[in-house]
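Notes follow the structure.
Quick note: the coordinates plus some simple rules give every number you see, no bench work behind them. Just so it is clear, the model here is predicted, and its values are computed rather than measured.
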């Protein structure tokens, strides 16, 4: 998978497709929320998010993907529904830093818009 495909998959919650692309020393900064350090912490958090996604219907829209030599920026919106009623909307910007085709850093900005 290309780096941009990995980033877009991660941003849209397809974490299982991305595990092989996570560096052992990855850091994920979810601004205003938490910082996860290392493959285990990031993978465990992704598992928790995946379990939540199983309890709702999700719809993700990617508005833009910006590419540079070592970074990919994914800008998009996530919609979350329960019983066909929208319960949440998140506008997000995820900045991925790659080294040798592995994600070494993610910076996520998420804004809740109901």
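Tabulated data for the structure shown
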{"quantity": "Stretchable slack from residue 65 to residue 41, in nm (0.36 nm times residue separation minus alpha-carbon distance)", "calculated": "6.0 nm"}
{"quantity": "Principal axes of region 35-94: Cα extent on each, largest first, Å", "calculated": "42, 29, 15"}
{"quantity": "Angle between the chain longest axis and helix 39-53 axis [Cα atoms, degrees, rounded to 10]", "calculated": "20 degrees"}
{"quantity": "Cα-only radius of gyration and Dmax that characterise region 3-112, units Å", "calculated": "13.5, 43"}
{"quantity": "Highest-fluctuation residue, 11, 68, 50 considered, GNM on the chain with Cα pairs under 10 Å", "calculated": "68"}
